[in-house]
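Trainee: Sharing a structure below in C-alpha cells format, with a few things to ask.
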Amino acid sequence: MKYILSIDQGTTSSRAIVFDENQNIISESQKEYQLHYPKDGWVEANPDEILGTVKETIKKALEISEVDIAACGITNQRETVVLWDRLSGKPIYPAIIWQDRRTSDLCNELKKKENLESEIRKKTGLLLDPYFSATKIKWILDNVENARKMAENGELCFGTIETYLVWNLTKEKKHKTDATNASRTMLMNLETLEWDNSLLEIFNIPKSILPEICSCDDNFGSIDVSNQRFPITGVIGDQQSALFGQNCFEFGEMKSTYGTGCFLMVNTKEKIYKSEAKLLSTVGCMLGNKVSYALEGSIFSAGTSIQWLRDEMRFFDDSSKSEDLIDDEFDSKGVNFIPAFTGLGAPHWNSEIRGSIHGIQRDSSKEDLTTAVFKAICFQTLEIVEALELDGVSVSSLKVDGGMVKNRKFLQLLSNTLSTNIKKPDQIESTAVGAFKIALLGSGIKNIDEIQEIGSYDEFKSNKSPQLNDDYQIWKAYLTRNL
Ligand code: ADP
C-alpha cells in the first residue's frame, strides 16, 4: 500500500491529510492562522505564519499516521500574492489575500481605457477586478520601499501561495507554479499557457519575478521532514482541485462547493468559452502537456445565509438544525429571500445591491424564512446553470461538496430545482482529494483510469416540480426589481 500526503492551504486554515492509495484517510491535522484587516477593504496575512501552519500540520499528520509517504500534493487558496527576497527568502510585505479590495480604484481607472478590459478578458478569461493577483503585485511594487528596484535587479520573487510553499518546502528552492494557479493571476495567456508580455506591460510587472508555469502533475521538488523525503508530484488551485477530486473529467460535468460562499465549476475540455454571462474562463487542469479548461461562477453568500439565520435571527443554535425548519413540500408560503449581504456575484456582479426579504404576511414563520433562504441558494445555482446554457454549455451532471451538503433536504431541494440528479461523494473533502489524486498520477502510482474508480457517491433523484419553477420566476422578478 502506498501513502500520499495532501496539503490543503485555505483562506482561514491549513490542513494536511495522509491518504492511502484507495483514498481512505489515515490521519489529518488542521491549524488556523490569523487574517488581518489593517484598513477598510484590506485583507492580509503573515506568509511566515501560513508556512508555519503548513509545516506544523504536515509534521502532526505524519506523526499520527506512522507511515512512509510516497508523494505529496498541494492545493491552495488562489490569487493571494506573496513577494519575497530571492536571496534571503524573506517576504517584503504581508501576503495580500484574494478578498482584498485595495486596488478597486486602480481597476476602475484601467476600465476607462478603451478596449482594455475586453483585451484582458479575451486573453485571460477573467474580469478586470481586484480579486485577481495582477493589480495586487503592482500595488506592492509601487508602494513598498525598494520593491521595484529589487524587482528590476532580479532580486525579487513573486508567487501565489503554492509557489511560496514549493520554494520554502523543497531543498531545491524551485520557483514554480502550475497552470491552474497561473490562470488566476491575470498575467497568463489562456491559449499559450505562458506569461503574456502585453499584460505584463499593462500592469508594469517585470517578467524576472515570475515563476515557471508547469503542468499540475510535474515534479515540483522534494520535501525533507521527520526523517522522510518525498516528492511533490501534484499542485492545483483549490476550486480546480475539487473539480478533479470529484472526477469531473468529461465535458459538461460540474461540481458545486457549498461552503461559506458557493463556487461552481464546469469542465469544458479543450474549449475556451467567452462567456456572455460574465462567468470566468480558467484552466481546469493540466496533465503533461494536455490542458482542459473550465467555466467558473461564484455565489458570494451560501453558508453565510445559514449563519445569519443562526447568529442574527437566532432560529437555531447549530447549522445542522436548519434542516428541521425546511418545509417538507419546500413551500415558503410566499416568503422570498435575496441573499445579497455583500452584493451579488455571478451572473450579476453587482456590489451595490443588499439583501432583502419579500412577501412577509402576518403568519409568516421562521420555517417559512428558513425555507426561503434555502430556496434562494438553489435559485442562485439555477441562474448559473441557465447562464452556462446561454453560453452553450449544457450541464450533464452535478456533484456537490462543502459543509452545507450534510443537509439532505437542501440537496433534494437543489435536485428538484435544477431538474437534475445530484451526486454527493462519501468523502466530502473534495479539495484535498483532488491534490491527492493529482499526486497519485504525478508519482505514477495510478493512472487516470484507475483514479476514476476511486470513491463512491450518494445520489439524489430529481422530483420535477412545476410549482418550484413558478416560485423561481417570482423570486427572479423580485431580484430584477431590486437590481
Ligand atoms: P468554508 O470551507 O467556506 O469555511 P465549510 O465547507 O466548512 O465552509 O462549510 C461551512 C458552512 O456550512 C457554514 O456556513 C455552515 O453554516 C454551513 N453548514 C454546516 N452544516 C450545515 C447544515 N447541516 N445545513 C446547512 N448549512 C450547514
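Trainee: Rg to Rh ratio, the range 96-163, alpha-carbon atoms and Kirkwood radius? Could you put the intermediate results ahead of the total?
Mentor: Values: Rg = 13.2 Å, Rh = 13.2 Å.
Checking Rg against Rh, the ratio lands at 1.00.
Trainee: Next question. How much accessible area per residue does the chain have, in Å², with a 1.4 Å probe?
Mentor: For the chain, the per-residue accessible area is 41 Å².
Trainee: Set Lys and Arg Cβ to +1 and Asp and Glu Cβ to -1, take the dipole of the range 3-236 about its Cα centre, and tell me which of Ile58, Ser133, Asn168 lies farthest positive.
Mentor: Ser133
Trainee: Would you mind telling me the antiparallel percentage of the DSSP bridges in the chain, rounded to 5?
Mentor: 70
Trainee: Using the Cα atoms of the chain to build a convex hull, what is its mean projected area in square nanometres?
Mentor: Quarter of the Cα hull surface area: 22.0 nm².
Trainee: Which order do the peptides 20-28, 105-113, 90-98 take when ranked by the mean count of other beta-carbon atoms within 10 Å per residue, highest first?
Mentor: Output ranking for 20-28, 105-113, 90-98: 90-98, 20-28, 105-113.
Trainee: While we're looking at this one, here's another question. Quick one: with all protein chains in place, what share of the accessible area of the chain is carbon or sulfur, to the nearest percent (1.4 Å probe)?
Mentor: Accessible surface attributable to carbon and sulfur in the chain totals 45 percent.
Trainee: A further question on this structure: Aspartates and glutamates near Lys464 by alpha-carbon distance under 18 Å, same-chain residues fewer than 8 away left out - which ones?
Mentor: Partners within reach: Asp327, Asp328, Glu329, Asp331, Glu383, Glu386.
Trainee: Return the long-range amide H neighbours of Arg86 (sequence gap of 5 or more, or a different chain), with a cut-off of under 5 Å between placed amide H atoms.
Mentor: Here Leu156, Cys157 satisfy the definition.
Trainee: Span-like helices, the chain: DSSP H, alpha-carbon axial extent 30 Å or more, mean Kyte-Doolittle 0.5 or greater, which ones? Present the calculation step by step, with values, prior to reporting the outcome.
Mentor: Details: long enough: 366-390 (36 Å, 0.61).
Answer set is 366-390.
Trainee: Beyond 31 Å between alpha-carbons counts as too far, so tell me which of Lys2/Lys290; Lys55/Lys271; Lys366/Lys437; Lys39/Lys269; Lys111/Lys271 fall in that bin. Could you put the intermediate results ahead of the total?
Mentor: Working: Lys2/Lys290 26 Å; Lys55/Lys271 38 Å; Lys366/Lys437 43 Å; Lys39/Lys269 41 Å; Lys111/Lys271 27 Å.
Lys55/Lys271; Lys366/Lys437; Lys39/Lys269, as the Cα separations exceed 31 Å there.
Trainee: Sort 466-477, 220-231, 432-443, 54-65 for me by packing, meaning the mean count of neighbouring Cβ atoms within 10 Å per residue, highest on top.
Mentor: Ranking, from highest mean packing down: 432-443, 54-65, 220-231, 466-477.
Trainee: If you find the alpha carbon centre of the range 419-483 and of the range 139-209, how far apart are they in angstrom?
Mentor: A separation of 33 Å, based on Cα centres.
The values are calculated or read from the model by the stated rules, or taken from the named source; none is laboratory data. Since we're looking at a predicted model, the values are computed, not measured. Counting neighbours? That spans all protein chains shown, and the Cβs are built from the backbone with ideal geometry, glycine included. Calculation scope for accessible area: heavy atoms of the full protein, side chains included, ligands and nucleic acids excluded. Shrake-Rupley method; radii C 1.70, N 1.55, O 1.52, S 1.80 Å.
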